[in-house]
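Report on one structure; see the data block that follows.
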Amino acid sequence: MISSLIEIFFLGLVGGAVPGPIMTSVFAEVLRGGFAKSLSVISRALVAESIVALFVLLSFSFLNLPEYAFQVISLGGATVLMWLAIQVWKVSAVEEGSKEIFSFSKIFVLTILNGGFWIFWITVAVPRVFLLDSLIPSGKFLFLLVFESGWLAAMLSLGFVFSHFRELLWKKDLVSATYKFLAILLAFFALKSVVGSVGYFFILRHVRN
């Protein structure tokens, strides 16, 4: 069982370290208010992911949803990502008390509409949850705890490292350029979701024909 827990923690660590919209949001918040400020985004993302993941573990593992359902979800997520990218792009300077960009509601919606998130939890996590459930009672809750611990460790580490570059980027022109770079990253993730989903439906159509 120890080896299974180590594997689960590693999966969470990798999941947190893989570049994506949440990590980009954390970096943007570090730039806006420092590492301490980014903890709010990290904690909101942790809560949002845990809620959705728990819902998946308790419900969706038994529904056997077709893959196209997740591709549709990804298209919705791409819209949210583009919206956030536009907001981040408009930031030209950082001021104390400036309007919050990454509220809990935005992060929660972003998590729900992340098709890759659903696919990962149903295809990768659920089989391991069943294995852990066979070893100990309520294994799904232990899985969630260990996985999210790994995810949190990765996010905190990367946010802390990035915070050391904050002073270097503090000049107004560098702040603006950095936010525009982060906005481009969010737009890239949106485009990636669209291309993946459209490509899936294109291939599906040709296979059926």
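Restricting to Cα atoms and excluding each atom paired with itself, what does the Kirkwood estimate give for region 2-208 in Å?
The Cα-based Kirkwood calculation yields 18.0 Å.
On full extension of the chain, what length is gained from residue 131 through residue 37, given 0.36 nm per residue of separation minus the C-alpha to C-alpha distance?
Once the chain is fully extended between residue 131 and residue 37, it gains 30.0 nm.
Taking θ as phi - 60°, what are the ³J(HN,Hα) couplings along region 191-198 by the Karplus curve (6.51, -1.76, 1.60), each to the nearest whole Hz, with x for Gly and Pro?
Rounded to whole hertz, the list is 4, 4, 5, 5, 4, x, 5, 4.
What list of whole percents do you get for P(r) of region 152-206, with Cα-Cα distances grouped in 10 Å bins up to the one holding the largest distance?
Answer for region 152-206: a P(r) of 20, 28, 27, 16, 8, 1 percent.
Contour minus end-to-end for residue 54 and residue 208, with contour as 0.36 nm per residue of separation and end-to-end as the Cα-Cα distance?
Here the answer is 52.0 nm.
Holding the Cα-Cα limit at 25 Å, pick out from 37/192; 90/192; 140/192; 37/106 the pairs that are longer than that.
37/192; 140/192
Taking the C-alpha atoms of region 106-189, how large are the radius of gyration and the largest Cα-Cα span, Dmax, in Å?
18.2, 56
Any read-out appearing in this document is the output of simple, stated calculations on the displayed coordinates, not a laboratory observation. Bear in mind that the values here come from a model prediction, so they are computed numbers and not experimental data.
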